[in-house]
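Presented below is the structure to which this report refers.
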């Protein structure tokens, strides 16, 4: 898979979390190539869901703090991907999934790429244009994002 490092949004915490999620998808693919057992795959899906939830919560917390006008629509996209993850996990546990694991990983990668290029870029631009970010290279947690407006 192509690296998502070129798709940075300019918010250090989010870029770090995006890279971590992309690395997890790559690791997931590698595990599949080694014929990982079902329990291993379930653990990877659960870890991916946990990391995704942490990241999405970080974005959403900041969106609502800064009163970002696109927050509800952005959150709805997050809810959709988390529902997809939950549904796939449930179906996989019951051996009901009709999507291959490779397709599942590719779907997540494509969703992440499109989401970064659209929703996350708009949100990051809003933060920058409205003075919520000081130095994108120094920011590494959400408490440092709110500078002069909150």
**OP:** Being modelled with pLDDT under 95 and in a helix (DSSP H, G or I) is the filter; apply it to segment 64-74 and report the residue that is nearest to the chain's Cα centre (by Cα).
**Re:** 64
Original post:
Name the pairs: first residue in segment 115-137 and in a helix (DSSP H, G or I), second residue surrounded by fewer than 16 Cβ atoms within 10 Å (Cβ to Cβ) and modelled with pLDDT under 90, Cβ to Cβ under 6 Å, at least 6 apart or on different chains?
Top reply: none
**OP:** Quick one: which residue in 72, 46 is in contact (Cβ under 8 Å) with a residue 24 or more places away in the chain and loosely packed, with under 13 Cβ neighbours inside 10 Å?
**Re:** 46
Subject >> Residue identified as more than 15 Å from residue 106 (Cβ to Cβ), in contact with a helix residue (DSSP H, G or I) (Cβ under 9 Å, 6 or more places away or on another chain) and either modelled with pLDDT of 90 or more or surrounded by fewer than 17 Cβ atoms within 10 Å (Cβ to Cβ) (or both) among 58, 39 >> reply: 58
**OP:** Collect the residues in segment 1-20 that are part of a helix (DSSP H, G or I) and either buried (at least 18 other Cβ atoms within 10 Å of the Cβ) or modelled with pLDDT under 85 (or both), keeping them in residue-number order.
**Re:** 5, 6, 7, 12, 13, 14, 15, 17, 18
**OP:** Give the residues of segment 100-125 that are at pLDDT below 90 and surrounded by 13 or more Cβ atoms within 10 Å (Cβ to Cβ), sorted by residue number.
**Re:** 101
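The values are calculated or read from the model by the stated rules, or taken from the named source; none is laboratory data. Only a predicted model underlies this, so the values are computations on that prediction, with no experimental measurement involved. All Cβ positions, even for glycine, are placed from backbone atoms using ideal geometry, and neighbour counts span all protein chains on display.
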